1. Ranked by Cβ crowding within 10 angstrom, fewest neighbours first, how are Cys86, Cys54 ordered?
2. Convert each backbone phi in region 284-290 into a coupling constant with the Karplus relation 6.51 cos²θ - 1.76 cosθ + 1.60 (shift: θ = phi - 60°), then list the ³J(HN,Hα) values in order as whole Hz, x for Gly and Pro.
3. Could you give each residue of region 312-317 its phi-based ³J(HN,Hα) in whole Hz, using Karplus coefficients 6.51, -1.76, 1.60 with θ = phi - 60°, and x for Gly or Pro?
4. Compute the Cα gyration tensor for region 148-252, then decide on rounded, prolate or oblate, letting a ≥ b ≥ c be the square roots of its eigenvalues: rounded whenever a/c is under 1.5, prolate when a/b is larger than b/c in the other cases, and oblate in all that remain.
5. In whole Å, what is the distance between the alpha-carbon centres of region 317-350 and region 19-37?
6. Report, for the chain, the % of DSSP beta bridges that are antiparallel, rounded to 5.
7. For region 69-130 and region 149-223, what is the separation of their C-alpha centers, rounded to whole Å?
8. Check Ile221: other-chain or 5+ apart residues with amide H under 5 Å from its amide H, H built from backbone geometry?
Amino acid sequence: MSDLAELLKAQDASIDADDDFDAINRLYMERGWGDGLPLIPPTMERVEQMLAYCDRPWNEPLAKMAPRYGEATPLRLAANAVMAGCAPNFFPLFMLAIEAMCEEPFNLYGVQATTHLCAPLVIVNGPIALELGVNSGHNAFGPGTRSNATIGRAIRLALVNIGGAIPTLGDMSTFGAPSKFSYLVAENEAASPWAPLHVERGFPKEASTVTVIGAECPHNINDHESLSGEGILTTIAGTMATTGSNDIFYSAQPVIVMGPEHAKTVANDFSKAEARRFLREHATLALGKFSKENIERRFRVTFKEKYANAGLDAPVYAVQNAEDIIIAVIGGAGKHSAYIPTFGATKAVTRALKRKDGQLAKSAEEFRRG
């Protein structure tokens, strides 16, 4: 008997089911274990292949996933990765993303249980993005790449099956969003004129990392006419300044996704730090743009030190602190960028892939070898 078979037997954690794809999917959907799309049956053989890329004890939790606070053990995660269609060498990156979003600053409980339509966005940096073919270019946020689609989907299945984000029970999102199916991309480091995101956040360039953000879907920013960095940043700032954003009311960390063409133009005139300061100062709207009720019940009460006696022309900033704006270069050719607001009550977390001895693991293969 294999180690996995013994572990499952000891826990009474396996089920017998007909070896029929449709029958297994009916069973899993009846039990609420899916996302509405067909699932790959997590047979013992497939789960064992996934766990070959795990250097941790299979039954020791990597984290506890809110709101249910279910234990995210490698064994449970491997079953969800199989169901999502992951290749085995995707597994270390999937585990890393789960660990990152379970860190306290991310506020997984809030992201999971809110009526807001946010979902965990994962931005991958470093060698593992190339190794696994994570799309960072054309259509990076869309379909067509197995690693993006299935790792992102595995995260969602774990959020449901382990974390308990079941619609109308643990997940109270008013609308939901397409990003709740899968929301994982890589930064286009080769096309970026600046240091990569993970380097900015304190990691060496050779590290393989994930940055997780409790985010909305991308909102396109079209600017085909501006020839200067100031022009493009002005367009971006105008897109950021909206009355309905959660980020206005928090010390939030929204994401500016710059397409490579926009990034190149902006970088001719601005460093990233300078671009952030420009966006913070220009992404504003007048207090009078908000409804009377929001002004009286929120701004003049919650932010009374700034707005108790402020006139209707007083500026309201889309972002409280310039350094909180996350800028990443993603996408292919085209004069577009995107704005990704957040849940607000969440902080981005970046975590590097490490072996169990604490040393950086640049690749999934290196992680597997330990």
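1. Least to most surrounded, the residues fall as Cys54, Cys86.
2. With coefficients 6.51, -1.76 and 1.60, one gets 9, 8, 6, 3, x, 6, 8 Hz.
3. Listing the rounded values in order: 5, 8, 5, x, 10, 8 Hz.
4. oblate
5. Here the two parts' Cα centres lie 37 Å apart.
6. Numbers: 26 of 34 bridges.
Rounded to the nearest five, the antiparallel share is 75 percent.
7. Region 69-130 and region 149-223 have Cα centres spaced 9 Å from each other.
8. Ser337, Ala338, Tyr339
Read-outs: derived from the displayed coordinates by stated rules, not from any lab. None of the values given here were measured: they were computed from a predicted structure. Please note: Cβ atoms are built from the backbone with ideal geometry, for glycine as well, and neighbour counts cover all protein chains shown.
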